[in-house]
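The following block contains the structure, expressed as structure tokens.
The values are calculated or read from the model by the stated rules, or taken from the named source; none is laboratory data. These numbers were taken from a predicted model, which means no experiment stands behind them. Every residue, glycine among them, receives a Cβ derived from its backbone with ideal geometry; neighbour counts consider all protein chains shown.
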Amino acid sequence: MRVTAKTDYAVRAAAELAASPGGPIKGEHLADSQDIPLQFLEHILLDLKHAGIVRARRGAKGGYWLAKPAEDVSIAEVIRAVEGPIAHVQSAPPESITYKGSAEQLQTVWIAVRASLRSVLENISLAELVSGSLPTEVQELADSKDAWEAR
């Protein structure tokens with residue numbers, strides 16, 4: 001899986017909002033705190049707003065805040081808000097693609113990859129991310145020596 005800058009920025013901005021449960025946070029503050037280009041961030045925040053993850057208010061006392069508790073927002077939800085479905089193959093869901101011959105089982109592989117991504121991303125809330133208390137299964141995966149090797 002390739003994590004785009006848009007996805008990375010969206011999750012970081014959402015985490016920043018989750019860590020700031022006080023009033024609205026200015027876009028400039030979010031951009032500065034996470035070193036995200038402001039114009040790019042504003043487009044991301046608009047996507048998050050349309051998905052019902054973020055709320056916004058204009059004006060001197062305006063800014064952005066989470067539309068629901070951080071415990072109720074998964075990383076997968078943030079990713080889908082800015083990128084669409086997780087683990088599509090050539091812009092299509094893997095269950096809609098068929099392969100022939102020696103590649104026939106590739107559809108099953110892509111579906112398994114999607115299930116694996118979901119098992120991590122759907123089970124980590126913004127609250128867990130911010131607090132550092134990741135689910136045991138996720139921490140075990142990350143603690144594996146093999147997980148830290150680039151290939």
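Among the residues of the stretch 36-92, write down those that are in a loop (DSSP other than H, G, I, E, B), touching a residue at least 12 places away in the same chain (Cβ under 8 Å) and under 20 Å from Val3 (Cβ atoms).
Those that are in a loop (DSSP other than H, G, I, E, B), touching a residue at least 12 places away in the same chain (Cβ under 8 Å) and under 20 Å from Val3 (Cβ atoms): Ile36, Ala51, Ile53, Val73, Ile86, Ala87.
Can you tell me how many residues within the stretch 56-75 are surrounded by fewer than 19 Cβ atoms within 10 Å (Cβ to Cβ) and touching a Lys or Arg at 6+ places or on another chain (Cβ under 7 Å)?
3
Within the stretch 18-41, count every residue that is buried (at least 17 other Cβ atoms within 10 Å of the Cβ) and over 14 Å from Asp8 (Cα atoms).
Residues meeting the conditions: 5.
Looking at Ser116, Ser133, which one is under 23 Å from Tyr9 (Cα atoms), outside any helix (DSSP H, G or I), among the small types (Gly, Ala, Ser) and free of Cβ contacts under 8 Å to residues at least 12 places away in the same chain?
Ser133
Can you tell me which residue within the stretch 119-134, out of those that are more than 19 Å from Arg80 (Cβ to Cβ) and of a type outside the set (S, T, N, Q), is surrounded by the fewest Cβ atoms within 10 Å (Cβ to Cβ)?
Looking at residues that are more than 19 Å from Arg80 (Cβ to Cβ) and of a type outside the set (S, T, N, Q), I get Gly132.
Yes or no: Ser125 among the polar types (S, T, N, Q) and at pLDDT 90 or above?
Spelling it out, Ser125 is indeed among the polar types (S, T, N, Q) and at pLDDT 90 or above.
Just a yes or no: is a residue in the stretch 94-101 farther than 30 Å from Ala67 by Cα, at pLDDT 90 or above and not in a loop (DSSP other than H, G, I, E, B)?
yes
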